[in-house]
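In what follows, a single structure is set out as structure tokens and then discussed.
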Amino acid sequence: MARSPSGGAAFVLPPSAPHRGIFTDALKYWEPRRIGYNLAMIAVASAVVLRTWPHFRPAFTVQSIPPLAVLAALANVCYCAVYGVEAVMHGSPSRERWLRGRWILWLAGTLLALFIEYYWIVDEIYPSVPFVR
């Protein structure tokens with residue numbers, strides 16, 4: 001352990017070149033798949049809204065844009081959890097198996113996100129929108 005400027009022990013990371021390769025590999029794999037994740041999220045939200053269209057009509061206002069943007073941002077923050085798994089698995093003895101099977105994590109995570117989204121829309125948002133005939 002090295003000493004920090006204040007004199008205490010400090011954790012020092014090894015040179016950043018190896019970490020840069022891990023990060024670049026993770027970005028190259030996961031970021032193109034984020035498009036599919038977001039498209040799947042949009043498809044579920046659109047399907048629910050279209051299926052129940054008369055009910056959601058009053059919810060489409062300018063005031064609804066910021067909450068929707070926050071929910072979309074939170075969904076993408078949750079997607080970033082995969083980078084923690086990627087960092088842990090990079091040093092794992094089963095790294096090669098991980099690289100071949102990480103699509104399973106993408107599929108499972110996307111399905112979980114879609115389930116949570118559907119639940120949130122149907123159980124939390126739908127009842128709070130006033131029904132107008």
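Observations, loosely collected:
- Estimated FRET transfer efficiency (CYS78, VAL132; beta-carbon r; R0 35 Å; 0.05): 0.60
- Taking 13 Å as the cut-off, the amide N atoms of the range 43-71 that come nearer than this to a point 7 Å along the Cα-to-beta-carbon line of TYR118 belong to 43-49.
- Contact order normalised by residue count of the chain, Cα under 8 Å, 6+ apart, percent: 39
- Each 10 Å bin from zero up to the one holding the largest Cα-Cα distance in the chain carries the following percent of pairs: 10, 30, 24, 18, 12, 5, 1, 0.
- Start at zero, step by 10 Å, and the Cα-Cα distances of the range 14-85 spread as 16, 35, 25, 15, 7, 2 percent across the bins.
- Sequence of VAL82, VAL70 once ranked by neighbouring C-beta atoms within 10 Å, starting from the fewest: VAL70, VAL82
Only the coordinates and a few stated rules stand behind these numbers; no lab work does. All values reported here derive from a predicted model rather than from experimental measurement. Here the Cβ is made from the backbone with ideal geometry for all residues, glycine too, and neighbour counts use every protein chain on show.
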